[in-house]
Amino acid sequence: MTIATDLDTRGELTDERKEPSRLSAIGRFARRNPLGAAGGVVIIVMVLVAVFADFIAPYNPVANAFDRMHEPPGLENWLGTDQYGRDVFSRIVYGARTALLVGFASSFVGATFGLVLGVASAYFSGKIDLILQRIIDIFMAFPLIIMALAVIAIFGTGAQNVIIAITIPFIPRCARVVRSSALAIRELPYIDAARANGFSHTRIILRHMVPNVMAPFLIMITAFVGQAILLEASLSYLGLGVQEPTPAWGLMLQGGAEEYAESAPWIAIFPGIAISLAVFGFSLFGDALRDEFDPRLRSL
Amino acid sequence: MYQYILKRLLLMIPTLLGAGLLVFLLLRLVPGDVCILRMTGGAGYVDPKAIDLCRSELGLDRSYAVQFLTFIWDFVRFDFGKSMWTGRPIVEEVGLRFELSLQIAIMATLTAILLAIPLGTISAVKQNTWIDYVVRGFSIAGIAMPSFWLGVLIILGLLITTKSVFGSPWMPPIKYVPIWVDPLYNLSMTIFPALATGYRYSAVATRMTRSALLEVLREDYVRTARAKGLIQKLIIRRHALGNALLPVVTIIGIEFAFLMGGLVVTEQVFNLNGLGKLFVASVTHHDYTMTQVLVMLVATIFVVTNFVVDIIYAWLDPRIRYK
């Protein structure tokens, strides 16, 4: 709400009170966390590139061109061509789509399930909490990639299964973090008051507890997207993720790695830079978010 | 202290059992029958008798409860059965690769410790100066960079450098020789993956050291020491570092557990015959018995290492024991 008293009779601004706008909040965030702002810029650029890939990429990313294989970076192909003659730059641009799709999908779904599990576990406490905690411990005993590979072993490869494979190990990790925040909230008096008022469990969880764990939740999502992109790249590199000819950064590394390392190093270098930049951006942004929202969480 | 150890030990057992149950269910969750999938590969005709034989070999014709109990019992006796792909006993296959994975894990841990603790300390002491930013950038780069890409870059660098200096490109050898037989050969093979992994590993540890030390440096006893006139170096060495290292030890321990079977991609890049490569191969070849054992192995190492880390933590910080 802007209570701006207009220009008075002499044409000067008087008594102008403005609520700090969203824009200036972003400005303050950027000034206090320059690294985080840089990360945020990287993320925005990446999203834009993915959305407008059709307009940015000069060539068709899956079109083979056997007359132009292994071309070094030049005027025609800005980042060179790969072993099938496909333009590396176009593949990287479209690869952003795959990476973001997999990253956001698995991150959001995994974090949401984790949120529900964590908050429910903290809210109900007692036996339910104990059992859920054991189950989460069991899932956490498997490193991310092992679990993802096991899921791929069952369901097979392909983009959809990759998303499932990445979502599943994320759920317990998110649940654990959310639970520790929720535990603190559970002790607050207004939860008891709500219960005394006769509110149902669902209502209390959704309307009182969840909004208060939003801060660590959002931070986790940003961290997860970065890790998901990395995990997807690893899976594709192993040949167990998205399959050819879908443009995906990890897949490009697989094709370019050993065979053409000497003769055409650009096939391997640029996708790696893309992956690193993306994860870098998300990590920095997530770090800055965490510093802003809750300096106490400043651990890793 | 003993009560704490006992409690932790007892907690380990249901976790392991649960992990075993999960792994067991994974195998049975495969859409379609394992044996049919394995033998026909989705199409083609196989003699039903062959499928029955396969099923009885895998024990799939008995009830689920019996199967699970047999699985646990076999696992405890280290009888893992045969690999579906190579036909050799799984113990043999795993044993071959265990040594190499262990060596790389240890080397990567050493690299991480040697890098992380000094860097983290400097970064914390000189907080918000350019040194701090450089170290933080360095460690975030370590976390962001896919370790397998770093491996690819290292190999690329090696190839290009050796080609220009020696005339012919050189790649690290592939055949494994234990370190006490031929140390130079062994090191030339293991140092690069150890560095690539160690960098990422050290990044996590550096950040942890930095934040832990930052917290400790704000404590009252540090302020007292400074008021007494103790020089900074001694404060850090005698009082701050010891207390700050607690969470770092935890992180290092947890990451070490991950290194044992989790180095899947790095081993692929460097063509090392380790547990990770075995795992990928077993997934690619639908070798369910092997996948099952490997996943279980990794989970067990994880749980046991966490247990050891917990014990060390309790030993170092007596407050934990009495919680």
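The values are calculated or read from the model by the stated rules, or taken from the named source; none is laboratory data. None of the values given here were measured: they were computed from a predicted structure. Counting neighbours? That spans all protein chains shown, and the Cβs are built from the backbone with ideal geometry, glycine included.
Out of the residues in the range B:133-145 meeting the condition of being in a helix (DSSP H, G or I) and free of Cβ contacts under 8 Å to residues at least 60 places away in the same chain, tell me which one is nearest to the chain's Cα centre (by Cα).
B:Ala144
Here are A:Leu235, A:Leu240: which of them is part of a loop (DSSP other than H, G, I, E, B) and within 11 Å of chain B (Cβ to nearest Cβ)?
After ruling out the rest, the residue left standing is A:Leu240.
For the range B:109-124, state whether one or more residues are over 27 Å from B:Pro193 (Cβ atoms) and outside any helix (DSSP H, G or I).
no
Suppose we filter B:Arg218, B:Arg226, B:Arg207, B:Arg200 for residues that are within 30 Å of B:Ile251 (Cα to Cα) and loosely packed, with under 13 Cβ neighbours inside 10 Å; which single one remains?
B:Arg218
Based on what the data block shows, is A:Ala159 at the interface with chain B (Cβ under 9 Å from one of its Cβ atoms), under 25 Å from the mean Cα position of the chain (by Cα) and at pLDDT below 85?
no
Looking at A:Ser90, A:Ser107, A:Ser125, which is the one that is small (Gly, Ala, Ser), in contact with a Pro (Cβ under 6 Å, 6 or more places away or on another chain) and away from chain B (no Cβ under 14 Å)?
A:Ser90
Looking at A:Met214, A:Met220, which one is crowded, with 21+ Cβ neighbours inside 10 Å, part of a helix (DSSP H, G or I) and away from chain B (no Cβ under 14 Å)?
Among A:Met214, A:Met220, only A:Met220 is crowded, with 21+ Cβ neighbours inside 10 Å, part of a helix (DSSP H, G or I) and away from chain B (no Cβ under 14 Å).
Give me a count of the residues in the range B:137-188 that are within 14 Å of chain A (Cβ to nearest Cβ), modelled with pLDDT of 75 or more and loosely packed, with under 14 Cβ neighbours inside 10 Å.
So the answer is 5.
Would you mind finding the one in A:Ser234, A:Ser200 that is at pLDDT 80 or above, small (Gly, Ala, Ser) and under 30 Å from B:Leu29 (Cα atoms)?
A:Ser234
Give me a count of the residues in the range A:86-118 that are assigned to a helix (DSSP H, G or I), more than 21 Å from the chain's Cα centre (by Cα) and buried (at least 23 other Cβ atoms within 10 Å of the Cβ).
Qualifying residue count for the region: 2.
List every residue pair whose Cβ atoms lie under 8 Å apart, where the two residues are 6 or more positions apart in sequence or sit on different chains, the first residue falls within the range A:55-83 and is surrounded by 15 or more Cβ atoms within 10 Å (Cβ to Cβ), and the second residue, located anywhere, is polar (S, T, N, Q) and assigned to a loop (DSSP other than H, G, I, E, B).
A:Tyr59/A:Asn77; A:Arg68/A:Asn77; A:Met69/A:Gln83; A:His70/A:Gln83; A:His70/A:Ser263; A:Glu71/A:Asn77
Let me confirm something: among A:Ala184, A:Ala153, which residue is of a type in the set (A, V, I, L, M), more than 19 Å from B:Ile254 (Cβ to Cβ), at pLDDT below 80 and crowded, with 21+ Cβ neighbours inside 10 Å?
After ruling out the rest, the residue left standing is A:Ala153.
This table checks each residue for (1) part of a helix (DSSP H, G or I); (2) at pLDDT 80 or above; (3) under 17 Å from B:Gly81 (Cβ atoms).
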{"position": "B:Leu10", "(1), (2), (3)": "yes, yes, no"}
{"position": "B:Leu16", "(1), (2), (3)": "yes, yes, no"}
{"position": "B:Leu21", "(1), (2), (3)": "yes, yes, no"}
{"position": "B:Leu25", "(1), (2), (3)": "yes, no, no"}
{"position": "B:Gly44", "(1), (2), (3)": "no, no, no"}
{"position": "B:Ala50", "(1), (2), (3)": "yes, no, no"}
{"position": "B:Leu53", "(1), (2), (3)": "yes, no, yes"}
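With in a helix (DSSP H, G or I) and in contact (Cβ under 8 Å) with a residue 60 or more places away in the chain as the only criterion, which of A:Ala165, A:Ala184 stands out?
A:Ala165
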